[in-house]
Each structure stands twice: as structure tokens, then as C-alpha cells.
Amino acid sequence: MIRLLLVDDQIIIRQGIRSLLESQPDFQVVGEAENGSQAIAKIQQLQPDVILMDVRMPIVDGVAATQIISQQFPQVKVLILTTFDDDEYVYQGMQFGAKGYLLKDTPIETLANAIRSVDAGHTQMGPGLLEKIMAPAIDPPATEPTNFPPELAELTPREKEVLYLIARGASNKEIGESLFITERTVKNHVTSILTRLNLRDRTQAAIFANSLNFFANK
């Protein structure tokens with residue numbers, strides 16, 4: 001049974017998510033909180049496995065709460081539920097230890113699978129969100145100097161997502177689960193990345209990716 005804590009400042013959203021999740025036989029919603037401060041205070045008592053965390057909340061927002069939780073309760077996984085205009089919050093949340101993020105209007109089947117994946121220790125990323133969040137770093141303003149290799153411009157947005165996950169040490173199976181694609185598709189992307197970047201294997205790809213500032217410590 002996966003124990004869940006719902007954190008959102010809008011009670012209607014919490015109730016809606018709770019109703020959907022409680023239909024799953026392997027989920028137990030153990031509590032709710034309306035801001036990050038409440039969530040942190042309830043962890044010791046409720047012992048959740050996964051926290052579904054909003055980002056824009058009063059008192060303590062989801063980003064600050066995620067940072068504190070990852071430091072004080074490393075066994076608890078945080079899954080951010082966001083909207084498309086929360087890109088910067090999500091980017092910071094991932095830096096501070098969140099294990100994934102999805103849109104709030106994600107279908108229940110996808111959300112349920114994401115929770116199970118995060119609980120199992122995998123990183124979970126909603127379709128299209130990683131590309132959007134990484135865009136400012138991948139395409140910096142022309143006025144700023146950059147040492148990014150020109151080969152990177154040859155990669156497609158999806159290949160950049162795969163390369164990012166390779167840099168984090170994800171397996172093909174984990175990449176597929178995070179990006180909602182098959183392992184076969186992942187293998188095709190990896191092959192294309194190696195060819196485009198003139199690399200021998202995924203180890204070289206990981207070393208190459210980690211040498212880039214925008215991939216480091218994300």
C-alpha cells in the first residue's frame with residue numbers, strides 16, 4: 001500500500017485528486033495539507049511514502065518544502081503537480097530533490113502509474129514539460145557567451161530529454177517510464193544520440209552530458 005499526502009492550497013483540487021486516487025486499490029491517502037509548512041509538520045505523524053506537491057502556495061511554497069523534505073526526510077518522495085506556467089518552480093523543485101512532475105489535469109491512469117513509478121525510485125516527467133523547462137538553458141540568449149558544443153543543436157527535443165536522463169544514470173526502462181515511451185523507442189533515441197554526437201556508447205554520452213553546465217546537478 002502506497003501512503004499519500006496531498007498538498008495544495010485549493011481544497012477543491014485536493015478533494016478531486018483524493019477522490020480519484022482512493023479508487024486505486026494500492027493507494028491510501030493518509031492526509032492533506034494546504035501549504036508546505038503544514039506538509040512538513042505532518043510527515044512525522046503520517047509517514048507518507050509519496051507527497052503530491054503543488055508549487056504555488058502561501059506561507060511555504062512547494063519548492064521550499066521540497067528542499068526541506070529532501071534534507072530531513074530523504075525516504076519520502078515528492079511528486080510535483082503543476083501547470084504549464086510553473087516552469088521555473090518545477091525546475092527548482094527538481095534541483096531540490098523532487099522525483100518528478102506532472103500536470104494537474106493528467107488522466108488518473110497516468111497519475112497512478114507515475115505515483116507507483118516514483119514510489120519505486122524512478123524519476124517521473126510529464127510529456128513535453130522537460131523540454132519546456134530546459135529550453136532557457138539549452139537555448140541561452142544570443143548576448144550571453146556559451147561553450148556549448150555545436151553538435152548539441154543537432155539533437156531533437158526528445159533526444160535532449162533522453163540525454164538528460166542518461167546523464168542522471170537512468171536505464172532504458174527508467175527513461176521509457178519517465179517519458180511514456182517504449183524501451184525500443186528509447187534504444188532508437190540512444191542510437192541516434194550516439195551517432196549525432198559521434199560517441200561510442202552511453203557511458204561516453206553520460207560523461208559528455210555531465211560536462212555541460214545545463215545538465216549538471218539538475
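Just so it is clear, none of the values below were taken in a lab; they were calculated from the coordinates. Fair warning: this is a prediction, and the values are worked out from it, not measured in the lab. In this analysis, Cβ positions are derived from the backbone assuming ideal geometry, glycine residues included, and neighbour counts consider all displayed protein chains.
Observations on the structure shown:
- Å³ per residue enclosed by the Cα convex hull of region 43-85: 75
- Between GLN15 and PHE73, the FRET efficiency from the beta-carbon distance, with R0 = 25 Å, is close to 0.50.
- Here the peptides 161-167, 171-177, 189-195 are ranked by packing, the mean other Cβ count within 10 Å, and the order with the highest first is 161-167, 171-177, 189-195.
- Taking Lys and Arg as +1 and Asp and Glu as -1, the other residues whose beta-carbon sits under 14 Å from that of ILE43 total +1.
- Net +/- balance of residues flanking ALA33 in space, Cβ distance below 10 Å, scoring K and R +1, D and E -1: -3
- In region 21-65, Rg over Rh equals 1.00, where Rg is the alpha-carbon radius of gyration and Rh the Kirkwood radius from pairwise Cα distances.
- Sorting 110-122, 22-34 by their mean Cβ neighbour count within 10 Å, with the most densely packed peptide first, gives 110-122, 22-34.
- Rg(Cα) / (2.2 N^0.38 Å) computed for region 1-82, rounded to two decimals: 0.98
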